[in-house]
1. Give the angle, between 0 and 90 degrees and rounded to the nearest 10, that separates the Cα long axis of helix 58-84 from the longest principal axis of the Cα atoms of the chain.
2. Report, in deg cm²/dmol and to the nearest 500, the calculated mean residue ellipticity at 222 nm for the chain, where each DSSP H run with n ≥ 4 adds -39500 (n - 2.57) and the sum is divided by the residue count.
3. Give the distance, in whole Å, between the Cα centre of the range 181-253 and the Cα centre of the range 37-108.
4. Relative to the first principal axis of the alpha-carbon coordinates of the chain, what is the inclination of helix 301-317, with its axis defined by its Cα atoms, in degrees from 0 to 90 and to the nearest 10?
5. Please state the shape class of the range 163-285: rounded when a/c is under 1.5, otherwise prolate if a/b exceeds b/c and oblate if not, all from the C-alpha gyration tensor.
6. Note down the relative contact order for the chain as a percent, whole number, built from C-alpha pairs under 8 angstrom at least six residues apart.
7. Looking at the chain only, what percent of DSSP beta bridges run antiparallel? Nearest 5 please.
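Where a number appears in this text, it was derived from the coordinates with a stated rule and is not lab data. Predicted model, so just to flag it, every value in this text is computed and none were measured.
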């Protein structure tokens, strides 16, 4: 893709000439001149300068659609050419939300880079819904995620199953009633919550507790509310957050109960004796952690090898 297309696509993404210029490491006047040159060649403006942020004109929409198609073709070609090198060169972009990017992906990326030093690995962190949009724009190859996705557009490889736990601050008086079925973080590390004799907590006994949940749009938001509904109550006092790791820390400080996954408890450094964990039942109490990718795009050797390595690394860390 030529330079002018790259410049205009960056303006389109940022909806701002000044911010696009910063991203491209060129001056704003130079970028404006490049844009004007293309518009003069086309004979039509690509952006409506009277709106803030900038908005595409009808001609601009056609131009950006053409740029997307060229980008897609180039990326697919590069993947296939990289495959001919037998993993000696190439690149792959992986992504995940905060917890996955902070605790699950780094050791996998480290192992991959050690085994395949010629493959450049880029990590992108963002919210799940934004990541899938970026994947559709061919900016991301793999997404580490949990929950649901559009199965008509995306496919996935299972990394593991994770179980939801009800986390209660250690000093909460209600723990005295259920301490015989409670688990410590060490118990979770040893998978004692998965033993056949593990007993689930009656969640309705905590219906008057302050809850810490993720905001609407997060899979854990929907699962938390579904579990409360299954237990016969609607939470009344709720603090809503964006990150599951933040919810864990807030709960560990005694500011409310929350729903966590056993994968998070195993990987997140929480203070000892800050939380007790309870097994919970129901369809919403377990979910899959997976690596997702687009169905329509070529699955490169680097992508396949990263998926296989991710499974091996994760299994070895959780044996």
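1. 70 degrees
2. Helices in the chain give a 222 nm mean residue ellipticity of -13000 deg cm²/dmol.
3. Between the Cα centres of the range 181-253 and the range 37-108 lies a distance of 38 Å.
4. Value to nearest ten degrees: 20.
5. rounded
6. That works out to 23 percent.
7. Bridges in the chain that DSSP calls antiparallel: roughly 60 percent.
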